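**Q** Quick one: structure below, then a few questions.
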Amino acid sequence: MFHILDLSILSVFGVANHFAPGSYQVDVVSMTGGLIRSQSGVGIDTIPFSDQHYDTVIVGSTPGLPAPAPDMVQRLQVAARSARRIASICTGAFILAEAGVLDGRSVTTHWGFADALARRFPRIQVEPDKIFVRDGHVWSSAGMTACIDLVLGLIEADLGHAITKQICKIMVLYHRRSGGQSQFSVLAEIDPKKERIRRVLTFIKDNLREPLSIQQLADQVNWSARHFSRAFQAETGLTPAKAIEKLRVEAAQALIESGHTSAARIADQTGFGDDERMRRAFLRVLGVPPQKFVRASRSVKLDVGR
């Protein structure tokens, strides 16, 4: 059983063939061949996963943690030795890990399973906040729609930046989503029930360069500063200052990962004022300085260019 959303990558390859005809021939395979049903009940016809040569092997995800059969593990080990590259979507990382393909590699998976992957396979370097990771010829993606980001990365490595941008324009996709998986958990963590508090959070996110005093925020919902502070913390579990800091760190991290490397400029654009205040905020919120993300961003760009 598989997540039907993984099949969205077929559309991306199809659109790539529109701009670069004949670039991809995609086979959907399974160990047995035949009709395989997804978690949603919709099935797809597959062909047997043979020992033929594959240029690229992409292992899909399963509901929950997979337990691959020995014959699948063996077949993947053979495929990994001959394929130009091999990739996993979401929990598919557990299947590749079982086959030993990920040993010594940096990989990612759905944030909810990252700790389990790291515990079960200690020889893997798990990057829990990445949308997708490339380590040499091994690629991996986070959960759900991150499979599309992964495939866009594969296509860009094959066909270049210009065609990938055309694909994204046709499919109404982000070329490179800013930020990591945490962008989908931070606001969910803050997510309040009251519409007024949600309105304030939107105002904060849209005005990070502003001083954002308590009074300024309270004025957005016509409350006194004292009442606003109490209501905000009761709804979100955070003080307004801590929520602002988290959102500023998130915005700064997104700028870094999209290619901005001037710490002073990023600090100014996200309301920190100076790079030292930004560095201290990164340490409080993420436990690492912004320079780590700058180095990681440069590493990814160099790797994709090889």
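**Q** Any chance the range 69-84 includes a residue that's of a type outside the set (A, V, I, L, M), touching a Leu at 6+ places or on another chain (Cβ under 8 Å) and over 20 Å from Asp135 (Cα atoms)?
**A** Kept after step one, since they are of a type outside the set (A, V, I, L, M), are these residues of the range 69-84: 70-71, 74-75, 77, 81-82, 84.
From what's left, touching a Leu at 6+ places or on another chain (Cβ under 8 Å): none.
The answer is no; no qualifying residue exists.
**Q** Among the numbered criteria (1) more than 19 Å from the chain's Cα centre (by Cα); (2) more than 25 Å from Lys165 (Cα to Cα), which one does Leu65 miss?
**A** The single condition Leu65 does not satisfy is (1).
**Q** While we're looking at this one, here's another question. Can you name the number of the only condition in (1) open to solvent by 50 Å² or more (accessible area, probe 1.4 Å); (2) free of Cβ contacts under 8 Å to residues at least 60 places away in the same chain that Gln269 fails?
**A** (2)
**Q** Related question: Restricting attention to the range 194-250, which residues are open to solvent by 70 Å² or more (accessible area, probe 1.4 Å), over 26 Å from Asp275 (Cα atoms) and outside any helix (DSSP H, G or I)?
**A** Correct list: Lys194, Asn222.
**Q** Any idea which of (1) open to solvent by less than 40 Å² (accessible area, probe 1.4 Å); (2) touching a residue at least 40 places away in the same chain (Cβ under 8 Å); (3) within 24 Å of Tyr174 (Cα to Cα) is the one Pro290 doesn't satisfy?
**A** (2)
**Q** Can you say whether Ser11 is under 17 Å from Val151 (Cβ atoms) and either open to solvent by 50 Å² or more (accessible area, probe 1.4 Å) or touching a residue at least 12 places away in the same chain (Cβ under 8 Å) (or both), as far as the supplied structure shows?
**A** Details: under 17 Å from Val151 (Cβ atoms): yes; either open to solvent by 50 Å² or more (accessible area, probe 1.4 Å) or touching a residue at least 12 places away in the same chain (Cβ under 8 Å) (or both): yes.
Yes, satisfied.
**Q** Which one of these does Gly22 not meet: (1) under 20 Å from Ala79 (Cβ atoms); (2) open to solvent by 50 Å² or more (accessible area, probe 1.4 Å); (3) not in a helix (DSSP H, G or I)?
**A** All conditions pass for Gly22, except number (1).
**Q** Another question, then. Can you tell me how many residues in the range 140-179 are over 26 Å from Ile95 (Cβ atoms) and part of a helix (DSSP H, G or I)?
**A** Adding up the residues that qualify gives 12.
**Q** Hey, can you tell me all the residues within the range 253-279 that are more than 20 Å from Ser213 (Cα to Cα) and in a helix (DSSP H, G or I)?
**A** Gln253, Ala254, Leu255, Ile256, Glu257, Ala263, Ala264, Arg265, Ile266, Asp275, Glu276, Arg279
The values are calculated or read from the model by the stated rules, or taken from the named source; none is laboratory data. Please read these numbers as outputs of a predicted model, since none were measured by experiment. As a convention, Cβ positions derive from the backbone with ideal geometry for all residues, glycine included, and neighbour counts pool all protein chains shown. Areas reflect the complete protein model, heavy atoms only, side chains present, ligands, DNA and RNA absent. Shrake-Rupley method; radii C 1.70, N 1.55, O 1.52, S 1.80 Å.
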